[in-house]
1. At q = 0.10, 0.12, 0.18 Å⁻¹, what is the log10 ratio I(q)/I(0) for region 133-250, with the Debye formula run over Cα points and no solvent?
2. Of all the Cα-Cα pairs you can form in region 10-55, what percent are over 16 Å apart?
3. Run the simple label-point estimate for Asp256 and Ser153 please: 7 Å along Cα→C-beta, distance reported in nm.
4. Using a 1.4 Å probe over the heavy atoms of the protein chains, calculate the carbon and sulfur portion of the accessible area of the chain as a whole percent.
5. Out of the DSSP beta bridges found with both residues in region 133-250, what percent are antiparallel (nearest 5)?
6. Taking all pairs of different Cα atoms in the chain, averaging 1/r and flipping that mean, what Kirkwood radius in angstroms comes out?
7. I'd like to verify something in the chain: which complete DSSP H helices, judged by Cα projection on the helix axis, reach 20 Å or more and average at least 1.6 on the Kyte-Doolittle scale?
8. For Ile156, Ile171, write out the residues from largest to smallest accessible area, computed with a 1.4 angstrom probe and no ligands counted.
Amino acid sequence: MAATLSVRQFFARFPDDDACLAHVMEVRYGLRHVCRKCSKEASFHRIAGRKAFACAQCGDHVYPCADTIFQDSRTSLQLWFYAIFLFVTTRHGVSSRELQRQLGVTLKTAWRMGHKIRELTGRADMKVMLNGHVEIDETYVGGVSDRENAFKSKTIVMGLKKRGGRLHTEIIPDTKKATFERVVTRQVQEGATISTDEHVSYNLLEISPYEHGTVNHGAKEYARGEHHVNSVESFWRIFKLSIASTHIHISKQHFDKYLREFTFRSNHRARENAMFDLLVASL
Ligand SMILES: [Zn+2]
């Protein structure tokens, strides 16, 4: 399965409601999991005619759609899935009219579905705080070139990237400890391992619920064991190069849009499937 999802791939993967139900089961419970009733690790098989699976060991029934947006809906699972697919793959968002047209449902149903999925998107996004091993780095971008005002006119950006996962970027007003702390605690799950450079404001991480390691860029050290910030730095390089080559004068006012666009692009390929499953699995 490729990272991005084409319409053709979507229908190959979810040809009917049964395939969709199996997927809900898979992402919410697993087709094989430790049974809540008999406590044995068991396979779960579809029960014909019901939206349920049964434990191969004790026969306990699991209804994977319970407590999801699909529960009690008269709209077919495949249509729900297709609606979520449109939300995940369309960059400009999906209007109710567009959903109505694409799904062949009433405008009222389309509106309600869109509303439910948008709610999920918000909740799912909050769920994806960064965890595991996270690289954090800050950089100065843009600004005017005359020496006196160069530094002042630059925008400071903080980048947080889960190794092998999502990148989060945001503009920060300064590089004070309090600013770093605000961003890190909002974006990174407790218990994560964090790599940074030697910037003094990262000292705050020494007394925090994180494992913290640094590299000393000032001493031309670029990795210390597992600690480096190379993934974030490679994003900075691409971002700065693109800005330098195509958008020479980005005003501070528009900077955020470019930053989001590039961050989105960086995450896009890896996220379509992940976001899709996250939305399907959301309560
Ligand atoms: Zn069981």
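The values are calculated or read from the model by the stated rules, or taken from the named source; none is laboratory data. Computed from a predicted model, the values in this text were never measured in an experiment. Backbone-built Cβ (ideal geometry, glycine too); neighbour counts: all protein chains shown. Heavy atoms of the whole protein, side chains included, go into the accessibility calculation; ligands, DNA and RNA do not. Shrake-Rupley method; radii C 1.70, N 1.55, O 1.52, S 1.80 Å.
1. -0.31, -0.45, -0.97
2. More than 16 Å apart: 40 percent of the Cα pairs in region 10-55.
3. Using points 7 Å along Cα→Cβ, the separation is 2.2 nm.
4. Answer for the chain is 52 percent, counting heavy atoms of protein chains only.
5. Taking every DSSP beta bridge with both residues in region 133-250, the antiparallel ones total about 70 percent.
6. Taking the inverse mean of 1/r over all distinct Cα pairs, the chain comes out at 21.8 Å.
7. Once both thresholds are applied, nothing remains.
8. If we order Ile156, Ile171 from most to least accessible, we get Ile171, Ile156.
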